[in-house]
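Okay, so here's the structure we're looking at.
The values are calculated or read from the model by the stated rules, or taken from the named source; none is laboratory data. Just so it is clear, the model here is predicted, and its values are computed rather than measured. FYI the Cβ positions are ideal-geometry reconstructions off the backbone, even for glycines, and counts take in every protein chain you see. Areas reflect the complete protein model, heavy atoms only, side chains present, ligands, DNA and RNA absent. Shrake-Rupley method; radii C 1.70, N 1.55, O 1.52, S 1.80 Å.
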Amino acid sequence: MTNLNLPPAVSPELASRFVDVPNLPWEKTRFPGIEQKTLLVDKATGLVTALMKMAPGVKLPDHQHVKIEQTFVIEGSLCCPEGECHAGQFVWRPAGTRHHAWAGAKGGLFLGIFQLPNKF
C-alpha cells in the first residue's frame, strides 16, 4: 500500500480556497481608468485582497483607510505625495492614513490588501 501523505478530511468552512486569477474578469470600479480582480472579501471584517490595474496617470481621490493598507507593485508604479513605489516594491500605510494616489507614466498593476470601508 502506498502512503500518498494525504491530509485528513477538512471541514468545508476550513478548506483552502483556490482562485483562478487569470480567468477572473476585470471589474470596473467607480473610478474611471481603475479596474480590479477581487481575490478575497471577508464581509465580517471588511478585509479585501484585490489585483488593481490603473491606466497611466489615473488618480485615486483623497481617501482614508480604516485599517492598514498594503500594496505590492507588480508592474508600473504607484505614486503619492510621499513618493513613488516601483515594480517589485511594497508600501504600507498605518490605519487612519489619508492620501491620494496616482499611477505612474506606464500605469500600474498592484496587489492591494485593505479593509473597508475606505472613507472618500
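Of all residues in segment 32-72, those being in a strand (DSSP E or B) and β-branched (Val, Ile, Thr) number 6.
For segment 102-120, filtering for residues that are modelled with pLDDT of 95 or more and either assigned to a loop (DSSP other than H, G, I, E, B) or hydrophobic (A, V, I, L, M, F, W, C) (or both) leaves 7.
When segment 50-62 is filtered for residues that are surrounded by fewer than 16 Cβ atoms within 10 Å (Cβ to Cβ) and either farther than 18 Å from Thr29 by Cα or of a type outside the set (A, V, I, L, M) (or both), the ones remaining, listed by number, are Pro56, Gly57, Lys59, Pro61, Asp62.
Look at Leu39 and say whether it is over 15 Å from Gly104 (Cα atoms), modelled with pLDDT of 95 or more, open to solvent by 40 Å² or more (accessible area, probe 1.4 Å) and touching a strand residue (DSSP E or B) at 6+ places or on another chain (Cβ under 8 Å). Spelling it out, Leu39 is indeed over 15 Å from Gly104 (Cα atoms), modelled with pLDDT of 95 or more, open to solvent by 40 Å² or more (accessible area, probe 1.4 Å) and touching a strand residue (DSSP E or B) at 6+ places or on another chain (Cβ under 8 Å).
Of all residues in segment 73-101, those satisfying the criterion of being assigned to a strand (DSSP E or B) and open to solvent by 80 Å² or more (accessible area, probe 1.4 Å) are Glu75, Glu84, His86, Phe90, Trp92, Arg98. Selection of first residues in segment 16-33 that are farther than 16 Å from Thr49 by Cβ and of second residues that are surrounded by 11 or more Cβ atoms within 10 Å (Cβ to Cβ) and not charged (D, E, K, R), restricted to Cβ pairs under 7 Å at least 6 apart or on distinct chains, gives the following pairs, ordered by first then second residue: Phe31/Leu60; Gly33/Met54; Gly33/Ala55; Gly33/Val58. When Gly46 is tested against the conditions (1) open to solvent by 80 Å² or more (accessible area, probe 1.4 Å); (2) of a type in the set (Gly, Ala, Ser); (3) touching a strand residue (DSSP E or B) at 6+ places or on another chain (Cβ under 8 Å), the lone failure is (1). Of all residues in segment 19-30, none are among the aromatic types (Phe, Trp, Tyr) and either over 15 Å from Leu111 (Cα atoms) or touching a helix residue (DSSP H, G or I) at 6+ places or on another chain (Cβ under 8 Å) (or both).
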